[in-house]
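K.L.:
This is the structure I want to talk about, given as structure tokens.
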Amino acid sequence: MSNSPGHETQGASLASNMKHLRKEASLSQEQLSERSGVPRSTIASLERGEGNPTLQVLMGVARGLGVTIAELLAQRKANATLYKREEHGRLEYQVSHLNSAASSAALAEMRRLTPAQSRYLTIEEIILSGTEVAVASPHPQGTEEFFFVVSGSCYVEIAGESFHVNEGDLLRFDGSQLHSYRGLGDGKRTTAYAIVVQSPRL
């Protein structure tokens, strides 16, 4: 093989895959050497991204790891998606203020941190100040909600019962119940996260 950029990439993929697959199989380099018939020094060299393995060596390593040569050489990519701050969706909650019926038609925006296509998990950032009351729509039956206060403190009204949630507290409840979030009216801002988990229907 030549020392082309493609060869270097393949060598890096081989090194990464060998280390990953070997550790996944709970094998030491010595044990892989015994199983593959490939000298330990060669295995160590390949895992450093060095060397120019022959087909026979690749076949031995693949056999020792219980994979195909194609899997051994595959360029793996992380199965992950990064959503930037500006991509977070906005949600509107009906908002009222204590002792102020005139403001009952106001709307407040909350940030939805999970993508719209996320069906079973929703994470929302909720910010309250003053005596704002954000009224949430009940979620489907079988939904759990976990409400975590990052800073400040607030009340969560669930089915007519009030819970005082302080900084660092976590409140868990059945999301299908009528619920709302209310600021304390002490002039301090409260930041919290509502994590809604819905069980998939079988």
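K.L.:
Condition first: at pLDDT 80 or above, more than 18 Å from the chain's Cα centre (by Cα) and over 15 Å from Gly183 (Cβ atoms). Can you find one or more residues in segment 98-118 that meet it?
P.N.:
The answer is no; no qualifying residue exists.
K.L.:
Pairs, please: C-beta under 7 Å, at least 6 apart or cross-chain, first residue in a loop (DSSP other than H, G, I, E, B) and in segment 177-195, second surrounded by fewer than 23 Cβ atoms within 10 Å (Cβ to Cβ) and aliphatic (A, V, I, L, M)?
P.N.:
Within 7 Å, the pairs are Gln177/Ile158; Gln177/Ala159; Leu178/Ala159; Gly185/Leu98; Arg189/Ile127.
K.L.:
Scan segment 161-176 residue by residue and report those that are in a loop (DSSP other than H, G, I, E, B) and at negative phi. Reasoning before the result, please.
P.N.:
Keep residues of segment 161-176 that are in a loop (DSSP other than H, G, I, E, B), which gives 167-169, 175-176.
Once the filter is applied, which keeps residues that are in a loop (DSSP other than H, G, I, E, B) and at negative phi, segment 161-176 yields Glu167, Asp169, Gly175, Ser176.
K.L.:
Sticking with this structure for a sec: Please go through segment 114-151 and give me each residue that is surrounded by 16 or more Cβ atoms within 10 Å (Cβ to Cβ) and without any contact (Cβ under 8 Å) to a residue 40 or more places away in the chain, ordered by number.
P.N.:
Scanning segment 114-151 gives a single hit, Thr114.
K.L.:
Among the residues of segment 155-169, is any touching a residue at least 24 places away in the same chain (Cβ under 8 Å) and among the hydroxyl-bearing types (Ser, Thr, Tyr)?
P.N.:
Taking every residue of segment 155-169 in turn, at least one turns out to be touching a residue at least 24 places away in the same chain (Cβ under 8 Å) and among the hydroxyl-bearing types (Ser, Thr, Tyr).
K.L.:
Right, another one. Which one of the conditions (1) at pLDDT 90 or above; (2) closer than 27 Å to Lys84 by Cβ; (3) of a type in the set (D, E, K, R) does Glu157 fail to meet, given that it meets all the rest?
P.N.:
Of everything listed in (1) at pLDDT 90 or above; (2) closer than 27 Å to Lys84 by Cβ; (3) of a type in the set (D, E, K, R), Glu157 misses just condition (2).
The values are calculated or read from the model by the stated rules, or taken from the named source; none is laboratory data. Computed from a prediction, not measured in an experiment: that's the story for all the values here. For neighbour counting, all protein chains shown are included, and Cβ atoms are generated from backbone atoms with ideal geometry for every residue, glycine included.
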